[in-house]
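Here the structure is laid out as C-alpha cells; the discussion comes afterwards.
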Amino acid sequence: MNAPLPVSLAPAADAAAAAEPLVSLHGAAVHFGRTTALAGVDLTLRRGQRLALIGSNGSGKTTLLRLLHGLLPPSRGQRTLHRLAAEGRPPRMAMLFQRPFLMQLSVQRNLRLGLWLAGVPAAERAARSDEALHRVGLHDQAQRPAAALSGGQQQRLALARAWALRPDILFLDEPTASLDPAAKHEVESLVETLGRDGVTVVMSTHNLGQAKRLATHVAYLEAGRLVVQAPTDAFFGSTLPPAAAHFLRGENPWL
C-alpha cells in the first residue's frame, strides 16, 4: 500500500508560497542501515519562513534538520540548494545544536574561532564578534571562560557565533530544551528578532507554545514521514489528520 501523501493546509493565498526557494527536498529518504529515518519527504524551505518541526521522539525531526542543512546526504530522492536570485550564490547556513559545543576558551575567542573556521577574513573578525556579542547581550562577558557561563548564556553565545556568520538559514535543534523559563524567554526573543531581520529559521521543538509563538509554518512528522505542513494559524486552527490531532491532544490534553 502506498503511504499517504502529506496534508497541506496552506491557503491558496499563502504569501510564503511566492517567496524565493532556498532548499528543496523531493522524495527524500534517509536510511541508517536497515532503519528508515525519513521516507518520501517533499518540502521547500523559502526565504523569510520560520518553520517549526514537531513530532514525538524518533519521528525524524533532527534527521530532517541535518538533511536540509546538508550534514546528511539523502539515501534516496533529491536535495536541491537554490542560488539566491539577487546574488547568484547558494544560501549561507548555520546550525545550533541542543547542547552547543564550546571550546575551553573565552567567550570572545570561541566566537572568533568560529569565524576563522568559516573563512571570514581576519580584518572582519573583531568587528563581527563584537557586534554579535552586543546583539545577544554578552559583550560584557567577552573575556570570561565560556565554560563559566550559565546554560542560557552558553546558548546565547552559540546563537551569536551562528549569527556572526551572517546566515541566510539558521537551523535550531531543540534550542531551549534544557533551559529554565527565564533563559528560554531570552533565547526565544533572540530567535524571533533574527527572524524579523530576515533570517530563515528552521527549528525542531516539543514545545507547541513555542511553535505558536515563533513559527510562521509548522511541519508535523511521524515515523519518518512528513504528515502535515501548514501555516501556523492553519495548523492549530484546522481539523488535522488523526495522527497529528492525537499528538496535539497528548501534548495539550485540554485541546
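The number of residues in the stretch 57-78 that are of a type in the set (Gly, Ala, Ser) and either touching a Cys at 6+ places or on another chain (Cβ under 7 Å) or exposed (fewer than 15 other Cβ atoms within 10 Å of the Cβ) (or both) comes to 2. Residues in the stretch 208-251 that are over 26 Å from ARG46 (Cα atoms) and either modelled with pLDDT of 90 or more or in contact with a helix residue (DSSP H, G or I) (Cβ under 6 Å, 6 or more places away or on another chain) (or both): GLU251 only. Only one of the numbered conditions (1) modelled with pLDDT of 90 or more; (2) under 30 Å from HIS206 (Cβ atoms); (3) part of a loop (DSSP other than H, G, I, E, B) is violated by ARG89, and that is (2). In the stretch 173-187, the residue that is farthest from LEU65 (Cα to Cα) out of those that are in a helix (DSSP H, G or I) and among the small types (Gly, Ala, Ser) is ALA182. Scanning the stretch 105-118 for residues that are part of a helix (DSSP H, G or I) and either among the small types (Gly, Ala, Ser) or in contact with a Gly (Cβ under 7 Å, 6 or more places away or on another chain) (or both) turns up just one, GLY114. Between LEU194, LEU170, the distinction of being surrounded by 19 or more Cβ atoms within 10 Å (Cβ to Cβ), touching a strand residue (DSSP E or B) at 6+ places or on another chain (Cβ under 9 Å) and not in a helix (DSSP H, G or I) belongs to LEU170 only.
Within the stretch 60-75, track down each residue that is in contact with a Gly (Cβ under 7 Å, 6 or more places away or on another chain) and either of a type outside the set (D, E, K, R) or outside any helix (DSSP H, G or I) (or both). Matches in the stretch 60-75: GLY60 only. Taken over the stretch 173-184, the criterion of being polar (S, T, N, Q) and either in contact with a strand residue (DSSP E or B) (Cβ under 9 Å, 6 or more places away or on another chain) or crowded, with 20+ Cβ neighbours inside 10 Å (or both) is satisfied by THR176 alone. The residue that is surrounded by the fewest Cβ atoms within 10 Å (Cβ to Cβ), counting only those in the stretch 79-99 that are in contact (Cβ under 8 Å) with a residue 60 or more places away in the chain and more than 20 Å from ALA28 (Cβ to Cβ), is ALA85.
For beta carbons closer than 6 Å, sequence separation of 6+ or different chains, a first residue in the stretch 167-192 that is farther than 28 Å from GLU87 by Cβ and a second that is among the polar types (S, T, N, Q) and assigned to a helix (DSSP H, G or I), the qualifying pairs are VAL187/GLN155.
Within the stretch 200-240, the residues that satisfy the criterion of being more than 15 Å from the chain's Cα centre (by Cα) and hydroxyl-bearing (Ser, Thr, Tyr) are THR232, SER238, THR239. Restricting the stretch 136-166 to residues that are free of Cβ contacts under 8 Å to residues at least 40 places away in the same chain and assigned to a helix (DSSP H, G or I), the residue that is farthest from LEU190 (Cα to Cα) is ALA148. The residue of the stretch 42-59 that is farthest from ALA215 (Cα to Cα), among those that are assigned to a loop (DSSP other than H, G, I, E, B) and touching a helix residue (DSSP H, G or I) at 6+ places or on another chain (Cβ under 6 Å), is GLY55. Among the residues of the stretch 119-134, is any in contact (Cβ under 8 Å) with a residue 40 or more places away in the chain, not in a loop (DSSP other than H, G, I, E, B) and not small (Gly, Ala, Ser)? No, the stretch 119-134 has no match at all. Note on the stretch 200-244: residues that are touching a residue at least 12 places away in the same chain (Cβ under 8 Å), over 19 Å from LEU64 (Cα atoms) and not in a helix (DSSP H, G or I) amount to 3.
The values are calculated or read from the model by the stated rules, or taken from the named source; none is laboratory data. No experiment lies behind these values; they were computed from the predicted model shown. Every residue, glycine among them, receives a Cβ derived from its backbone with ideal geometry; neighbour counts consider all protein chains shown.
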